[in-house]
Amino acid sequence: MNALGPNKAELMGLFTYDRKRGVLIWKYHWRKEIFARLVGKVAGTFDNYGYRIVRLNGRAHKIHRIIWFLETGEWSEIDHIDGDPSNNKFSNLRASTKRSNSHNRKRHRLGKLVGATYRPKMKKWQSRIWVNGKSHNLGLFDSELEAHTVYKKELASVEP
């Protein structure tokens, strides 16, 4: 086990990756009382956001990150190309940054502009950006496009 998660040998001892279905199958479980119940079954449960997760050594791991690690040997931020968090086929996964991954969220792909959030009580559009884990309010605007434009300008100034 390293700082990012289990090593490849440990994971390969626990799971088999079914590439056709995009799922991990339990191969072994360390708790004897549930070993027989889990072996051969799809690993993990769904969290509140639709991601399949599995607990290892008391820590929740997203299945898509484990699959990426098994296929590439790298622990990384992973994006689902089609935006469906339950589609863990390797062909649907790609390495990304946290920022680019958030730009592919379903609401952004449905025509909403990135960096703009409507605030109904104020009847204004708020523009915010996250930099180094901190949220920065860029102001309130009359239109979604204005808020998005300010966001894009700020984004250009902070990205390398």
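Of note:
- Relative contact order of the chain: 12 percent, from C-alpha pairs under 8 Å at least 6 residues apart in sequence.
- Overall form of the chain per C-alpha gyration tensor (a/c, 1.5; a/b vs b/c): prolate
- Exposure proxy ranking, count of Cβ atoms within 10 Å, fewest first, for Lys134, Lys89, Lys152: Lys134, Lys152, Lys89
- Here is the size of segment 112-158 from its Cα atoms: Rg then Dmax, 10.1, 30 Å.
- Ellipticity at 222 nm from helices only: DSSP H runs of n ≥ 4 in the chain, each -39500 (n - 2.57), divided by the residue count, give -8500 deg cm²/dmol.
- Nearest 10 degrees, 0 to 90: helix 63-72 Cα axis against the chain principal axis: 70 degrees
- Exposure proxy ranking for His136, His61, based on other Cβ atoms within 10 angstrom of each Cβ and starting from the fewest, stands as His136, His61.
- Positive dipole terminus of the chain, leading residue within Pro120, His148, Leu93 (C-beta point charges): Pro120
- 3J(HN,Hα) along segment 147-152: 4, 5, 4, 5, 4, 4 Hz, from the Karplus curve 6.51 cos²θ - 1.76 cosθ + 1.60 with θ = phi - 60°, whole Hz, x for Gly and Pro.
- Extension gain (nm, one decimal) between Lys8 and Glu74, 0.36 nm per residue minus Cα-Cα: 22.8 nm
- Neighbour net charge for Ile53 - beta-carbon separation under 14 angstrom, K R +1, D E -1: +4
Computed from the coordinates by the stated procedures, all read-outs in this text should not be read as laboratory data. Just so it is clear, the structure is predicted and the values come from calculations on it, not from any experiment. With ideal geometry, Cβ positions are generated from the backbone for all residues, glycine too; neighbour counts draw on all protein chains shown.
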